[in-house]
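First comes the structure, then the notes that go with it.
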Amino acid sequence: MAGVKIVPGTGGNKYIPYENRQGEESIVYFTRDLSAEGLLKIYDKVSSNLTGKLAVKLHTGEPEGPNIIPRPWVRQLLENKLKNATIVETNTYYEGGRDTTEKHRETLKINGWTFSHIDIMDEDGTALLPVKGGKWFKEMSVGKNLLNYDSFLALTHFKGHTMGGFGGSNKNIGIGCADGRNGKKWIHTREGSDDMWSIAEEELMERISESTKATIDHFGKNISYINVMRNMSVDCDCAGVEAAPVVTPDVGILASLDILAVDQACIDLIYAMDERDHSDFVERVETRHGLRQLSYMKELGMGNDLYKLIDLDNNEVEIKAADAVANVVPFNGK
């Protein structure tokens, strides 16, 4: 794309235009309706496979975090559509408002997550899930309570990320289901290192993706993905009130049964924006080598980077990413 500087990577950290990709196509649904109603509408398109006891993995945020998915949206989704669902989280690896279960539950109260029980999945221990075909892991340590669920919904606030470049469904699951003491440490810290963040760039993206693969392989066909492209700071929701100001325009909500397709579509929508609108986000993604998340997911057979983008606002016609953002109102600070 003209004007976009690509930082060379050693293992797939480059933006590949849609026409240069190969493989099968998946379906990704799209709506510009950033509201509870829009969330309910798009959920219906990816919900038929979610049976039995359902885990809803979302980022509940650090204390007073401003950019998380609005709680009223989630509450309406649970009350209207998800009668047998539980919001799930794990404790953090870094010190802060959520690194112990006690502090985590206090932060949940501060942030208003009081309308539903939150299952902190590693509160009662950990479990190991196999990682098939990984080069870094043979198994991943997750919160033990993950095994109590029949289906899984990744309800993700899509945004930038300090180390991952961007945080989509892959990051939400790969980091978010790994337990706070073992799994997250395996992903972030080189064995024997005093630096807890000693793994970065391509290797970090690969480790996150392998962790994600353990969870999605566990649930098989009973897993769906929703990405909310709103309040997209270049920083993760882990940054809380310290997150960088939002300068990237809001876009909408995307959903799919294919994790790679939905994360790739979000990145494509970012790249389709004008330079002035996406420069900060693209810089964050590329300097952290975040695009390796996408290429490695494809190498692991986790999904397709080709997709049909179905516009739910316009009679479900198929649209191109550039057309999807053509009439997006720039972020207005609300």
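Every number in this text was worked out from the coordinates using simple rules, so none of it is lab data. These numbers come from a predicted model, not from an experiment. Methodologically, a virtual Cβ is constructed for each residue, glycine included, from the backbone with ideal geometry; neighbour enumeration extends over all protein chains shown.
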Seminar exercise, completed: Counting only DSSP beta bridges with both partners in the chain, the antiparallel fraction in percent, to the nearest 5, comes to 50 percent
Problem set entry | Vicinal HN-Hα couplings computed from phi for segment 238-251 (Karplus, 6.51 cos²θ - 1.76 cosθ + 1.60; Hz; Gly/Pro x) | 4, 6, x, 5, 8, 4, 4, x, 7, 10, 7, x, 4, 10
Exercise. Taking θ as phi - 60°, what are the ³J(HN,Hα) couplings along segment 167-176 by the Karplus curve (6.51, -1.76, 1.60), each to the nearest whole Hz, with x for Gly and Pro?
Worked result: x, x, 4, 4, 5, 4, 7, x, 8, x
Seminar exercise, completed: For the chain the translational diffusion coefficient, Stokes-Einstein from a Kirkwood Rh over Cα pairs at 4 °C and viscosity 1.567 mPa s, in µm²/s, is roughly 66 µm²/s
Exercise. Which loop-located GluC sites (Glu not before Pro) does segment 170-266 contain, where loop means any DSSP state but H, G, I, E or B and the Cβ has at most 15 other Cβ atoms within 10 Å?
Worked result: GLU191
Seminar exercise, completed: Final fewest-first order of MET196, MET232, MET163, MET140 on the 10 Å Cβ neighbour count is MET196, MET163, MET232, MET140
Seminar exercise, completed: Counting Lys and Arg as +1 and Asp and Glu as -1 over every other residue whose Cβ sits under 14 Å from the Cβ of GLN22, the net charge comes to -3
Problem set entry | Alpha-carbon radius of gyration plus Dmax, which is the widest Cα pair, for segment 197-334 in Å | 15.5, 48
Exercise. When only C-alpha pairs under 8 Å and at least 6 residues apart count, what is the relative contact order of segment 18-324, in percent?
Worked result: 26 percent
For this session: Could you point to the residue in LEU294, ALA55, THR92 farthest towards the positive end of the chain's charge dipole, with +1 and -1 charges on the Cβ of Lys/Arg and Asp/Glu respectively?
Result: ALA55
For this session: Please identify the cysteines of the chain that lack any partner cysteine with a Cβ under 4.7 Å from their own Cβ.
Result: CYS177, CYS266
Exercise. Taking the alpha-carbon centroid of each part, what is the distance from segment 94-111 to segment 29-66 in angstrom?
Worked result: 22 Å
Exercise. If you find the alpha carbon centre of segment 251-305 and of segment 200-241, how far apart are they in angstrom?
Worked result: 11 Å
Problem set entry | Karplus-derived 3J(HN,Hα), 6.51/-1.76/1.60, for each residue of segment 48-55, Hz, glycine and proline x | 5, 8, 9, 10, x, 7, 10, 9
Exercise. What does the charge count near GLY174 come to, summing +1 for each Lys or Arg and -1 for each Asp or Glu among other residues with Cβ under 12 Å from its Cβ?
Worked result: +2
For this session: Pick out, in residue order, every one of the chymotrypsin sites (Phe, Trp or Tyr not before Pro) in segment 148-221 that is DSSP loop and has at most 10 other C-beta atoms within 10 Å; say none if there are none.
Result: none
